[in-house]
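What follows draws every value from the coordinates through simple rules; no lab data is involved. Here the structure is a predicted model, which is why all the values come from computation and not from measurement. Virtual Cβ from ideal backbone geometry, glycine too; neighbours counted across all protein chains shown.
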Amino acid sequence: MKRATPPETQNRLLAALPSRDYRRLARHLTSVSLPLRQALYEPGAPIRHVYFPESGVISLLTVVGLNKAAEVAVVCCEGVIGASTTLGVNTSHVRALVQGEGTALRIEASLLRKEFAENGTWFRELYRFSNALMGQAAQTAACNRFHTVEARLARWLLATRDRVNSRHLELTQEFLSIMLGVRRVGITGAAMQLQKQKLITYSRGHIQILDPARLEAAACSCYGVVKDIYRLSYRK
Ligand SMILES: [Zn+2]
């Protein structure tokens with residue numbers, strides 16, 4: 001772990017702060033790696049650190065019972081994990097799971113709360129992000145209820161491509177089945193369909209997007225809806 005040096009950061013939420021405010025915060029930020037499958041939070045556990053991803057993909061999962069979980073939202077370098085602590089909620093209600101490895105800037109939750117209380121610019125940026133995240137979660141709930149697995153898989157692959165900026169994705173079937181809240185056999189069938197249409201290739205956990213435009217046509221409308229939610233939330 002090393003200290004982060006201002007004003008360089010790949011995290012867009014931090015980058016949107018006035019440089020003076022960012023520099024003050026940067027003294028408390030530590031760069032950490034986000035290894036694949038690391039759980040940053042579990043439901044009911046205290047939020048000790050807040051993470052600002054600079055790369056990678058983090059899924060927020062709602063856990064049901066002992067071994068069921070469904071993804072409600074994805075956060076990447078546009079946002080923050082654990083921001084509810086600034087609103088006085090210090091316990092996570094979701095599992096935050098790294099599903100694309102990367103790095104993050106991390107701060108102790110108590111220090112961020114102090115900073116948030118003293119610094120008005122935080123409100124604007126956190127509210128923008130929280131609004132977008134809420135929109136994404138609401139859309140995901142409707143998507144899981146109404147759209148086919150194939151269309152959801154296409155949407156999910158495109159959204160993940162946008163975030164990691166690569167057409168090559170390392171995703172096991174087991175992981176996709178958790179992310180989409182369907183059984184593995186459902187993922188296999190949907191992936192085979194997309195592969196048959198030459199939109200993707202899929203083998204041993206490696207997915208390559210062959211034809212993004214046609215994959216977008218195969219994806220459900222939620223892909224565009226969530227993109228618009230983020231665009232509108234961040235409009236100056
Ligand atoms: Zn959908």
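Numerical summary
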item	result
Equivalent ellipsoid, the stretch 2-142 (semi-axes from 5 times Cα gyration tensor eigenvalues, Å)	24, 16, 14
Leu40 long-range amide H proximity, modeled H, under 5 Å	Ala96, Leu97, Val98
Qualifying trypsin sites (Lys or Arg not before Pro) in the stretch 7-55, DSSP loop, other Cβ atoms within 10 Å at most 16	Arg27, Arg37, Arg48
Furthest towards positive pole of dipole, Gly120, Gln10, Cys76, structure part the stretch 2-142, Cβ charges	Gly120
Formal net charge of residues neighbouring Trp122 (Cβ-Cβ distance under 15 Å; K, R +1; D, E -1)	+4
Hz values of 3J(HN,Hα) by residue in the stretch 122-129 - Karplus curve (6.51, -1.76, 1.60), Gly and Pro given as x	4, 4, 4, 5, 5, 5, 4, 5
Radius 15 Å from Cβ of Arg214, net charge of other residues (Lys, Arg +1; Asp, Glu -1)	+2
Rg(Cα) / (2.2 N^0.38 Å) computed for the stretch 148-219, rounded to two decimals	0.95
The stretch 2-142 - charge dipole about Cα centre, Lys and Arg +1 at Cβ, Asp and Glu -1, debye rounded to 20	300
Which of Val226, Leu36, His206, positive extreme of dipole for the chain (C-beta unit charges)	Val226
Net charge contributed by nearby residues that have their C-beta within less than 13 Å of Gly224 (K/R +1, D/E -1)	0
q = 0.17, 0.20 Å⁻¹: log10 I(q)/I(0) that the Debye formula gives for the stretch 8-67, counting C-alpha atoms only	-0.73, -0.91
Within the chain: Cβ-based charge dipole about Cα centre, in debye rounded to nearest 20 (Lys, Arg +1; Asp, Glu -1)	140
Cα gyration tensor shape of the chain, rounded if a/c is under 1.5, else prolate or oblate by comparing a/b with b/c	prolate
